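These notes concern the structure reproduced below.
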Amino acid sequence: MQLFPTRQIFFEAGPIVVHWYGMMYLAAFLIAWLILPVLARKRGVLLRSEDAGDLLFAGVLGTIIGGRLGYVLFYAPLYFAENPLEILMVWNGGMSSHGGMIGVAIAMLILHTRLKDRVTIWQLGDILVIPIAIGLAFGRLGNFINLELYGPLTNLPWGILIPGKEGLHHPTQIYAMVKDLSIAGICLLSLLRSKNDGMTLGFFFLLYGILRFLLEYIRVETASGFDLGFLYFTRGQVLTIPVITIGLIILWKKSFDHGRLDTSQ
């Protein structure tokens, strides 16, 4: 039995290998399980203990399946078309945060059919985005431990060394962690103060989309981008544009709904 046999591996005992990235997922899901009932009570949402367990299970499946399929389809479709069995080898790495969000959204929509008599889809989205943002931060911590998804060269004193690379590089994983935890904090404030269901969900999509788009400028590309001649977008930026659009649509709709309700009083 070995603890920390390599940078990527947390624990190894014979054929059993637990990666740091897996531990980050476990920590994120445990935190979600603990805080979901608290957030529901703060928001006045009727969420039973078994509901939290079901949401967690659906979230785990949505994150893993959506994250993996998102990576396969968005970043390396030709490679996996030639090596389809490797799609199942999630322990080799390769997860997409955009795919994970799509997977979680689909899982929650399916599960909501059982909860719709007590919880609206907007209420469910509002309480879920906070643990989701925290989970994204844990994922970036896993990237930092593995020294992957780092940034370009920098002279800043907090630059990090990357094995096999020259010079210091931006710790983009840490920037992303700060981004995700900041989003979680802002969404928590929105959840506690906003009277309009769905606003917190809209803020999450908008903030994540804008900040992820900007962060792509200081992140080494792992897949080819899109050159429009006068503009160049990384693949992550292109995938983030729909996220920003969804956030704007939700906020516009919910602001309009709130204004309409105020007018009718």
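Restricting to helices (runs of 4 or more DSSP H) lying wholly in the range 153-265: which have 3 or more residues that are surrounded by 11 or more Cβ atoms within 10 Å (Cβ to Cβ), in contact with a Cys (Cβ under 7 Å, 6 or more places away or on another chain) and at pLDDT below 95?
none
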Being in contact (Cβ under 8 Å) with a residue 24 or more places away in the chain, over 30 Å from VAL119 (Cβ atoms) and among the β-branched types (Val, Ile, Thr) is the filter here, so list the residues in the range 192-234 that pass it. ILE218, VAL220, THR222
Checking PHE74 against (1) surrounded by fewer than 18 Cβ atoms within 10 Å (Cβ to Cβ); (2) free of Cβ contacts under 8 Å to residues at least 40 places away in the same chain; (3) farther than 24 Å from THR200 by Cβ, only one condition comes out false. Which one? (2)
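Select from the range 200-217 the residues that are of a type outside the set (Gly, Ala, Ser) and under 11 Å from VAL129 (Cα atoms) and list them in ascending order.
Residues satisfying the conditions are THR200, LEU201, PHE203, PHE204, PHE205, TYR208.
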Count - residues of the range 56-86 that are among the polar types (S, T, N, Q), farther than 12 Å from PHE29 by Cα and in contact with a Phe, Trp or Tyr (Cβ under 9 Å, 6 or more places away or on another chain): 0
Return only the number of the condition from (1) touching a helix residue (DSSP H, G or I) at 6+ places or on another chain (Cβ under 6 Å); (2) closer than 24 Å to LYS253 by Cα; (3) buried (at least 19 other Cβ atoms within 10 Å of the Cβ); (4) modelled with pLDDT under 95 that ARG140 does not satisfy. (2)
If you go through the range 2-20 one residue at a time, how many are farther than 14 Å from GLY93 by Cα and either small (Gly, Ala, Ser) or in a strand (DSSP E or B) (or both)? 8
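The values are calculated or read from the model by the stated rules, or taken from the named source; none is laboratory data. On a predicted model such as this, the values are computed, not experimentally measured, just so you know. Virtual Cβ from ideal backbone geometry, glycine too; neighbours counted across all protein chains shown.
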